[in-house]
1. Residue separation times 0.36 nm, minus the C-alpha to C-alpha distance between residue 117 and residue 3: what's the value?
2. What FRET efficiency comes out for the pair residue 65/residue 124, r = Cβ-Cβ distance, R0 = 30 Å, nearest 0.05?
Amino acid sequence: MERVMAVFKRVNIGLIAVAAILLSCAPLMFVGSAFGQDGDQVEAAEGGHGDADAAKVVMSHESAAKISCWAFMAAALATGLGSVAAGYAVSHVGTAAMGAVAEKPELMGKSLIYVALAEGIAIYGLLIAIIVLAKV
């Protein structure tokens with residue numbers, strides 16, 4: 001029974017990780033579709049109205065607002081999920097590292113490296129957010 005529960009916990013953690021990755025990538029798909037819609041709307045404005053330049057400006061501002069909205073959402077998700085993942089990683093790695101240091105104090109330097117690597121996940125999320133916001 002204990003083995004079944006252990007497998008169940010691993011599967012649940014895996015499903016949560018996959019869901020978090022998909023949710024963080026979903027806004028980026030909408031940003032790409034907003035770029036595609038921008039071209040369609042401008043072509044429709046050119047064919048139907050005599051004042052095509054004014055319609056182009058209105059449509060481009062609307063689509064730019066949509067794109068920046070989804071970019072901010074993607075940046076927030078990348079930072080938030082990266083921070084949550086880093087906290088989860090540091091909690092498990094830090095616990096194991098401090099247990100090892102309690103038994104062998106000379107392992108302190110090596111254990112700090114592992115904890116720092118786990119904290120790097122949050123930095124990667126922040127870098128992705130900066131890259132996304134630089135494109136807007």
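Rule-based calculations on the coordinates, nothing more; no lab input. Here the structure is a predicted model, which means the values were calculated and not measured. With ideal geometry, Cβ positions are generated from the backbone for all residues, glycine too; neighbour counts draw on all protein chains shown.
1. 38.0 nm
2. Efficiency, rounded to the nearest 0.05: 0.60.
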